[in-house]
Amino acid sequence: MIRWMMSICYLHSLQKPLLQCHCLPFTPFTPKTSHLNFHKVHKFFIQTPKEFNQHPIVTSFSSTTQKLYFYSSPTSISYSKLLSQCTSSKSLTPGMEIHAHVIKLRSSQDPRIRNLLINLYSKCRFFRYARKLVDESTEPDLVSWSALISGYSQNGFGKEAISAFYEMHLLGVKCNEFTFPSVLKACTVTKDLWLGRQVHGTVVVTGFENDEFVANSLLVLYAKGGEFVDSRKLFDAIPERSVVSWNALLSCYVQSDSCGEAIDLFKDMVLSGIRPNEFSLSCMINACAGLEDSNQGRKMHGYLIKLAYDLDLFSSNSLVDMYAKVGSLEDAIHVFEEIEKPDIISWNAVIAGCVLSEYHHRAIELFGKMNRSGICPNMYTISSALKACAGMGLLEMGRQLHSCLIKMDIGSDSFLGVGLIDMYSKCELMTDARLVFKSMPEKDLIAWNAVITGHSQNGDDIEAVSLFPLMRKEGVGINQITLSTVLKSIATLRADHICSQVHAFCVKAGFESDNYVANSLIDAYGKCGHIEAANRVFKESPIVDLVAFTSMITAYSQDGQGEDALKLYLEMQDRDIKPDSFLCSSLLNACANLSAYEQGKQIHVHVLKFGFTSDIFAGNSLVNMYAKCGSIDDADRAFAEIPQRGIVSWSAMIGGLAQHGHGKEALQLFHQMLIDGVPPNHITLVSVLCACNHAGLVAEAQHYFKSMKKLFGIEPMPEHYACMIDLLGRAGKLDEAMELMNIMPFQANASVWGALLGAARIHKNVELGQQAAEMLFALEPEKSGTHVLLANIYASAGMWDNVAKMRRLMKDSKVKKEPGMSWIEIKDKIYTFIVGDKSNSRSKEIYAKLDELSDLLNKAGYVPMLDVDLHDIDPSEKEQNLYHHSEKLAVAFGLIVTPPGAPIRVKKNLRICLDCHTVFKYICKIVSREIIVRDINRFHQFRDGSCSCGDYW
């Protein structure tokens, strides 16, 4: 009893006045001796005939009551029957008229009629009169209290139901098997498991624990409170379990997302001989939807047909929803079409299913069909329609839906507001999306995420990042979606300082161990060039999955650390993580940057093995890799296998042909691209101009450059001007090159002046070389290439004093010349060489091979080009230095370690010198080998005594 009294104190502290239209404020219950007096109520009923008598049900009941009153003696049985009918149909108005007649005939003190009235008012949510009847009753019995408690409980007023239960208990009225379920339901509604356990104790004491309805209410209470062990114990203790008991536990499992346990329980139910009903099967269909298990879902569909529940609307709606969620949209539509009279839930399920499967056009068609059928959409229908509009970019229809929401007076709903923000964002109207956001009375986390994501997806990354601190200032919480979206924008902006701040916030907020956030941090740090920070996050991540490996490998690849990217891929293979097409693309790009032809071919094997041959990303990366590894034939084959070539595919192949000196072939491919209806972008046109440049096609380049705007709507950018100036300079048209630079609509950058300096070197124009070099010293003082090229120009003119001055200037300015370096890949290993290198374990063989080749070269007519050596030293020393250039060492090593006839592929970090270029033309013919050299500008494919560049580079 002490515990009960404590509970009463607890209860009264929770009490809140209900809405006036529903019930009266509670006061501690005290028995009253006065009789019930509804004189005012009766007067109210009599004086308002217009409000009641026009209702068709009222007319029917009025005629019945009038006959009873005038032609016979009314009995409580007659009124009881009428009140029961009113309660069943929840017809409040006729019931109130009957109540008036009861008062007029002074029959309101009849306990049976009073209880029926309490039940009527409770079920109709008119608690003010239900409670008044209880309070003014001299001795309210169990039926009165049960009716009131049941009404409260069924209508979601859990606290009021518990309060009434306490008052009833204090009056000594004992519960029965009908009252306990209502009280327990109230405990479930209020999530008051502590109180529920006390009621459970009372159930045991009073001996109702074996009643099935009471037991069912108890197991639902414990299950929804998360106590599934106790719930299952109660279920197992029920002596005779009907389908209702099984359904109760099944429903709890499904609602708690324990769908696997629900399926197992259903199997036990069938094995125990219990025949499932439509509720059981609908519950199981929802479980299959939660598990995305189409096989189990089809089995449940079979049960529905077998047990003749397939025409049940509730079950059919569940089937539509299930098939849509497991990806069987056609089955969902088929089930929907078999529904004789689909309701709003049916339409919502099938339209949402179409949107989920991204069949947006079908969703819009069904939405229109629903409107024509006369069923009005609700907020869920319009939400799905907005998603479909967003998916298809149907701005006008989206605006119409927005107007409908305003007319329906639900335009400010948060759920729909997010849908509108998403729709306007995907239609690239962020101004409208922000207006919707600002008009929302309550901006929750989902709304903030939607508007941040919208800005990020539309390229407005600065605004997306700027919204993050405002969101925090408003006190709105964050989740992994918020952080990942912000980090994505930070990665695009390359804002490394902001990235570290957001990282610190992630740690502070406890998100550093979230896999989604960790992967976003790796990607952001990688794109900001902070590879060490990205690697640290990668190693500290609790779950390293495919996304984490892809982000880290991509970071290595983009930073030029291809070897580390390939090593990390080997580690990923050791963990038995299978790659996807994006990872293969990153690995192929790493191989391209390394010119790692053999390793690139191995990744190609993985592309074939895992079925990515038709993937456009993998296909484009294959073209790029083979082109940059010097195998333009393999690149062409990879290009031919791409099923749907986009602008990236065409640009990669055109650029590859240009780099290999196949200018005419590149232009032919460009024409084919235009015939296929693919419009070029500015990158494609850079590749076209480069193709003309590498092949010396001046007239063709001038045609494309002058017609860029007219033919393709693309204004020339600095890189287009740089390419044209370089082309004109190489062709000896220095005056035209200078004129083009002077009329250029923007300031000349380092690329433009570098092109002029290169042209000055080729044509030994000291004056132009000095002018270009002075500009480059100001723009890029740390670059050694300018000093070297100018020194080259002086040396070619015999101005050795000026060469010496350049060397002193480099020394005084602490500018270090980048050493010439070449490397060659042999059996998945990279071998690097510098001039005069003797660090290789087979150096003696390499120099012996060079001596052997020297004799053969001399016999073939080769004469060393001593003027390419800038050192003012003896000619014999210059000749010795030329023989020991890094690219010659790499080629000699390749001749030793590769099988006869195999092509030799060498990469060099600087421009190949004229002497090495000449030597390789002789060597390829002497040894009958193809030699492919990739220098900083292009590829040189030496074959049969000539180079693919046509000696124009």
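General remarks:
- Picking from residues in region 363-388 that are touching a residue at least 12 places away in the same chain (Cβ under 8 Å), in a helix (DSSP H, G or I) and farther than 18 Å from Asp422 by Cβ, the one that is most open to solvent (accessible area, probe 1.4 Å) is Leu366.
- The residues of region 405-423 that are part of a helix (DSSP H, G or I) and either in contact (Cβ under 8 Å) with a residue 60 or more places away in the chain or farther than 20 Å from His361 by Cβ (or both), listed by number, are Leu405, Ile406, Lys407, Ser414, Phe415, Leu416, Gly417, Val418, Leu420, Ile421.
- Among the residues making up region 875-917, a single one is open to solvent by less than 20 Å² (accessible area, probe 1.4 Å) and of a type in the set (Ser, Thr, Tyr): Ser886.
- Restricting the first member to region 458-486 and to residues that are among the charged types (D, E, K, R), and the second to residues that are in a loop (DSSP other than H, G, I, E, B), the beta-carbon pairs closer than 9 Å and six or more apart or on different chains are Asp461/Ala495; Arg472/Ile478; Glu474/Lys443.
- Considering Glu818, Glu780, Glu825, the condition of being under 50 Å from the mean Cα position of the chain (by Cα), at pLDDT below 85 and among the charged types (D, E, K, R) is satisfied by Glu818 alone.
- Residues of region 128-163 that turn out to be in contact (Cβ under 8 Å) with a residue 40 or more places away in the chain and either on the phi > 0 side of the Ramachandran plot or outside any loop (DSSP other than H, G, I, E, B) (or both), as a count: 11
- Number of positions in region 428-464 that are out of contact with any Leu (no Cβ under 9 Å at 6 or more places or on another chain) and among the β-branched types (Val, Ile, Thr): 3
- Taking residues in region 646-667 that are in contact (Cβ under 8 Å) with a residue 12 or more places away in the chain and among the hydroxyl-bearing types (Ser, Thr, Tyr), and partners anywhere that are outside any helix (DSSP H, G or I) and surrounded by fewer than 24 Cβ atoms within 10 Å (Cβ to Cβ), the pairs with Cβ atoms closer than 6 Å and at least 6 places apart or on different chains are Ser649/Ile642.
- Number of the exception - Tyr309 against (1) in contact (Cβ under 8 Å) with a residue 24 or more places away in the chain; (2) assigned to a helix (DSSP H, G or I): (2)
- Test: residue in region 904-923 that is in contact with a Lys or Arg (Cβ under 6 Å, 6 or more places away or on another chain) and in a loop (DSSP other than H, G, I, E, B): no
- In this entry, Ile333 is excluded by the filter for residues that are at pLDDT 90 or above and open to solvent by 50 Å² or more (accessible area, probe 1.4 Å).
- Selected residue (criterion: least open to solvent (accessible area, probe 1.4 Å)) from residues of region 601-612 that are in contact with a Pro (Cβ under 9 Å, 6 or more places away or on another chain) and assigned to a loop (DSSP other than H, G, I, E, B): Phe612
- If you go through region 475-508 and keep only what is out of contact with any Leu (no Cβ under 8 Å at 6 or more places or on another chain) and open to solvent by less than 30 Å² (accessible area, probe 1.4 Å), you end up with Leu483, Ser484, Thr485, Val486, Ser489, Ile490, Ala491, Ala495.
- Residue selection: Met724 fails the criterion of being open to solvent by less than 30 Å² (accessible area, probe 1.4 Å), without any contact (Cβ under 8 Å) to a residue 24 or more places away in the chain and either under 22 Å from Lys601 (Cβ atoms) or over 36 Å from the mean Cα position of the chain (by Cα) (or both).
- Test for Leu546: is it in contact with a Leu (Cβ under 8 Å, 6 or more places away or on another chain), open to solvent by 40 Å² or more (accessible area, probe 1.4 Å) and not small (Gly, Ala, Ser): yes
- Exclusive hit being of a type in the set (D, E, K, R), open to solvent by 20 Å² or more (accessible area, probe 1.4 Å) and at pLDDT below 90, set Glu598, Glu571: Glu598
- For Phe511, the criteria (1) of a type in the set (A, V, I, L, M, F, W, C); (2) open to solvent by 10 Å² or more (accessible area, probe 1.4 Å); (3) in a helix (DSSP H, G or I) hold in every case but one, which is (3).
- Test: residue in region 360-368 that is at pLDDT below 95, in contact with an Asp or Glu (Cβ under 8 Å, 6 or more places away or on another chain) and either more than 28 Å from Asn286 (Cβ to Cβ) or small (Gly, Ala, Ser) (or both): no
- Filter result (surrounded by 15 or more Cβ atoms within 10 Å (Cβ to Cβ) and not in a helix (DSSP H, G or I)) within region 775-798: Glu780, Lys783, Ser784
- Condition check for Ile553: open to solvent by less than 30 Å² (accessible area, probe 1.4 Å), within 23 Å of Val451 (Cβ to Cβ) and either modelled with pLDDT under 90 or assigned to a helix (DSSP H, G or I) (or both): no
Conditions (1) over 19 Å from Ser91 (Cβ atoms); (2) within 51 Å of the chain's Cα centre (by Cα); (3) open to solvent by 30 Å² or more (accessible area, probe 1.4 Å), marked per residue:
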position	(1), (2), (3)
Pro111	yes, no, yes
Leu117	no, no, no
Ala130	no, no, no
Phe165	yes, yes, no
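- Scope region 438-457; condition closer than 19 Å to Ser384 by Cα and either outside any helix (DSSP H, G or I) or hydrophobic (A, V, I, L, M, F, W, C) (or both); matching residues: Ile446, Ala447, Ala450, Val451
- Every listed requirement among (1) charged (D, E, K, R); (2) in a loop (DSSP other than H, G, I, E, B); (3) farther than 30 Å from Leu405 by Cβ is met by Lys341 save one, (3).
- Only residues that are touching a helix residue (DSSP H, G or I) at 6+ places or on another chain (Cβ under 8 Å), open to solvent by 40 Å² or more (accessible area, probe 1.4 Å) and assigned to a helix (DSSP H, G or I) were counted in region 524-539, giving 1.
- For region 192-206, the set of residues classified as closer than 20 Å to Lys159 by Cα and either open to solvent by 50 Å² or more (accessible area, probe 1.4 Å) or not in a helix (DSSP H, G or I) (or both) consists of Asp192, Trp194, Arg197, listed by residue number.
- Within region 169-180, being open to solvent by less than 30 Å² (accessible area, probe 1.4 Å) and free of Cβ contacts under 8 Å to residues at least 24 places away in the same chain holds for no residue.
- Annotation note: of Ile462, Ile543, Ile478, the sole residue that is under 30 Å from Met430 (Cβ atoms) and assigned to a loop (DSSP other than H, G, I, E, B) is Ile478.
The values are calculated or read from the model by the stated rules, or taken from the named source; none is laboratory data. For clarity, every value in this text was computed on a predicted model and none was experimentally measured. Neighbour counts run over all protein chains shown; Cβ positions are idealised from the backbone, glycine included. Protein only, heavy atoms only, side chains kept; ligands, DNA and RNA dropped before computing areas. Shrake-Rupley method; radii C 1.70, N 1.55, O 1.52, S 1.80 Å.
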